[in-house]
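Each reported figure results from applying straightforward, stated rules to the coordinates on display, with no laboratory input. What you see is a predicted model; the values in this text were computed from it and never measured. Cβ placement follows ideal geometry from the backbone for every residue including glycine, while neighbour counts extend to all protein chains displayed.
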C-alpha cells in the first residue's frame, strides 16, 4: 500500500492535526508543502484536491480527502495501531463535542484573533490591534471553561486514552500558549493546564513542529 500524502503548510493547525494523527499511529507519510502565502491553495493543482481551497488535503492509494475531521477518522480506521477514538458512546460524544467547539467557536477567537494579532501580525512587521484581542477574550474564556468542563477528571478528551479531540486542540493550544495572555487565560483551568502539559510532552508534538518561511 502506498504511503499517504498530506498537502498543506506545516504551520496550519489543521494540517498539524492530520500529521499528529499519522504520528500517533506510526504511519509513514509524504508531506507536500502548499504555499498559502503565495496563493498556491487557490491554484488549479491544489483545487483539484480540494475545490474549496482549504488545507489540508490528503491523498492515499487513489483516494483524495479533505476536511480535517474526515481525514483523521480515515487515518484511524485505515491504519493499524492504537485507536484514536473511544469505544463508548459517552467518550465519543465528549470527543466530538470538543472538536466541534474548536471548529465552531474556538479557532476563530483563539487563532483568528488572539494568535493572529500577537504572533502573525508582528511577524509581518505590523502593529497588533489590541481592540481585536480584547474583543476575543470573553469568547476565549468561555471556550476554555467548556474545555475544562468536558475534560473533567479524565486524562484526555474522551476518556483515559488519547483521542482525535486531543490532536484537534493541541495545535491551537501550541499557538495560544505562546501569547502574553495565555498565563492569565489558563490560570483558572488547572485540569486543562495539566492536559496541555501531557499533550505538549508527546513525541508526536515534537515530530510535527511547524516551519515558517
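Miscellaneous remarks
- Residue order, fewest to most surrounding Cβ atoms within 10 angstrom, among 123, 139: 123, 139
- For 173, 212, 105, the sequence from fewest to most other C-beta atoms within 10 Å is 212, 105, 173.
- Going from the residue with the fewest nearby Cβ atoms within 10 Å to the one with the most, 141, 149, 118, 19 rank 149, 141, 118, 19.
- For region 117-164: rounded, prolate or oblate by the Cα gyration tensor [a/c cutoff 1.5]: oblate
- Three-way shape call for the chain based on the alpha-carbon gyration tensor, with the a/c threshold at 1.5: oblate
- For region 89-207, the square roots of the Cα gyration tensor eigenvalues, ordered a ≥ b ≥ c, give a/c of at least 1.5 with a/b greater than b/c, which places it in the prolate category.
- Separation of alpha-carbon centers, region 143-201 and region 1-21, rounded to whole Å: 21 Å
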